[in-house]
1. Could you tell me which of rounded, prolate or oblate describes the stretch 101-176, using a ≥ b ≥ c as the square roots of the eigenvalues of the alpha-carbon gyration tensor, with rounded for a/c under 1.5 and, failing that, prolate when a/b is larger than b/c and oblate otherwise?
2. Express the carbon and sulfur contribution to the solvent-accessible surface of the chain as a percent, rounded to the nearest whole number, probe 1.4 angstrom.
3. Using alpha carbons only, what's the Rg to Rh ratio of the stretch 1-54 with Rh from Kirkwood?
4. If you roll a 1.4 Å probe over the heavy atoms of the protein chains, what accessible area per residue do you get for the chain, in Å²?
5. What is the spread of the Cα atoms of the stretch 115-231 along each of their three principal axes, largest first, in whole Å?
6. Take each complete run of DSSP H in the chain, measure how far its Cα atoms stretch along the helix's own axis, and keep only those covering 27 Å or more with mean Kyte-Doolittle hydropathy at least -1.0; list them.
7. What residues qualify as long-range amide H neighbours of VAL139, i.e. H under 5 Å apart, gap of 5 or more or another chain, H built at 1.01 Å from N?
8. Using a 7 Å offset from the Cα along the Cα-to-Cβ direction at both GLN152 and ASP6, what is the distance between the two label points in nm, to one decimal?
Amino acid sequence: MITITDRLTQTFNRIKLAAEKFQRSPEQICLLAVSKTKPNSDIVSAYNAGQRHFGENYVQEGVNKCLVLANECPDIRWHFIGPLQSNKTRDIAQNYHWVHTIDREKIARRLSDQRPPLHPNLNVCIQVNISGEASKSGVAPSEVVKLAQYIQQLPNITLRGLMAIPSNKDDIKLCHEFKQMQQLFEQLIHEYGTQIDTLSMGMSQDLELAIEHGSTIVRVGSAIFGSRAPK
Ligand SMILES: *Cc1c(COP(=O)(O)O)cnc(C)c1O
């Protein structure tokens, strides 16, 4: 039977091969294991195989896991990658290390205000609605700079880069969207320097294409933990 450890190894090999193919260093690419809907035992298996970064989509599910696993898996880095509601920001500010899905000033301000004083800054990415679909969250590409400026002056959160969930229609469209994200990312680096080091894109199906276009965090769920039951 194929284990989570095997699947992690396979995923690392995919990352390594893609990095080599596109002349990038594999160390520049962080694997985020997306554990939403999966039991704690799966997270422990991945942790024991050396995985440290985990992504969750639902605030409460992630907080529960974070609290229950605090002793067994002490140096997990929890990333929030789901849609944000302002009545949930306190739980996020208190429990997570990263948020990938900032899409408005109010949420950014609340996260900064609610970050506990003794915690290091919360790392954040701006989510970009790169496909322009009305159903997708994220800011329009033309709004990125304005939101980045706003986040820059908040004391307790640190802007690290951009995140996108592209349309999954066809490869040509996908490739175009990844390219646009890469350009936006380069603009942001130009504006703010090396503090901007994170481009969060690529999932189980398309991590190679994302790595080709400069991704530094690939968010991989089903390729590590198996398919999820439909919601
Ligand atoms: C679920 C999810 C993923 C992982 O998707 P897989 O196709 O299972 O790899 C990545 N990013 C986000 C935002 C997700 O919600």
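1. On the way: a/c = 2.75, a/b = 2.39, b/c = 1.15.
Taking the square roots of the gyration eigenvalues as a ≥ b ≥ c, the stretch 101-176 is prolate.
2. Numbers: 5660 of 11190 Å².
For the chain, the apolar C and S fraction of the accessible surface comes to 51 percent.
3. With Rh from the inverse mean 1/r over Cα pairs, Rg/Rh is 1.02.
4. 48
5. 39, 30, 27
6. On the way: long enough: 171-192 (31 Å, -0.60).
Length and hydropathy pass: 171-192.
7. Distant-sequence amide H within range of VAL139: GLN127, VAL128, ASN129.
8. Here the modelled spin labels are 5.0 nm apart.
The values are calculated or read from the model by the stated rules, or taken from the named source; none is laboratory data. Keep in mind that this is a model prediction, so the values were computed, not measured. Neighbour counts are summed over all protein chains in view; Cβ atoms, including those assigned to glycine, are modelled from backbone coordinates with ideal geometry. These area figures cover heavy atoms from the full protein model, side chains too; ligands, DNA and RNA do not enter into them. Shrake-Rupley method; radii C 1.70, N 1.55, O 1.52, S 1.80 Å.
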